[in-house]
């Protein structure tokens, strides 16, 4: 049976049960809790990967990177830093389908 890890923020909480239902009997689907921003994901990757091995790792995180501090106006993780970090990762990348 295939093993799938979903690394995601709160949005993934909504679709993970549907993925589990659709893949029941064909794949074990596991979701990490609270991926949050890129820095947090990077700190926790080793722990989450230790639950493996996984055939597929689905990453849906990073939206929290653009949260702004109301006082300073700074984003939580600068876009350049986020882009540079994820561009070093290997594997297949997918984008959500438009509309």
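Note on the stretch 43-73: among residues that are exposed (fewer than 12 other Cβ atoms within 10 Å of the Cβ), at pLDDT below 85 and outside any loop (DSSP other than H, G, I, E, B), the one that is nearest to the chain's Cα centre (by Cα) is 43. Please verify whether residue 76 is at pLDDT below 70, farther than 18 Å from residue 16 by Cα and in contact with a helix residue (DSSP H, G or I) (Cβ under 7 Å, 6 or more places away or on another chain), treating the condition exactly as stated. Yes: the conditions hold for residue 76. How many residues does the stretch 16-42 contain that are modelled with pLDDT of 90 or more, outside any loop (DSSP other than H, G, I, E, B) and more than 14 Å from residue 56 (Cβ to Cβ)? The number of residues fulfilling the criteria is 3.
The values are calculated or read from the model by the stated rules, or taken from the named source; none is laboratory data. Quick caveat, the model's predicted, so the values are computed rather than measured. Here the Cβ is made from the backbone with ideal geometry for all residues, glycine too, and neighbour counts use every protein chain on show.
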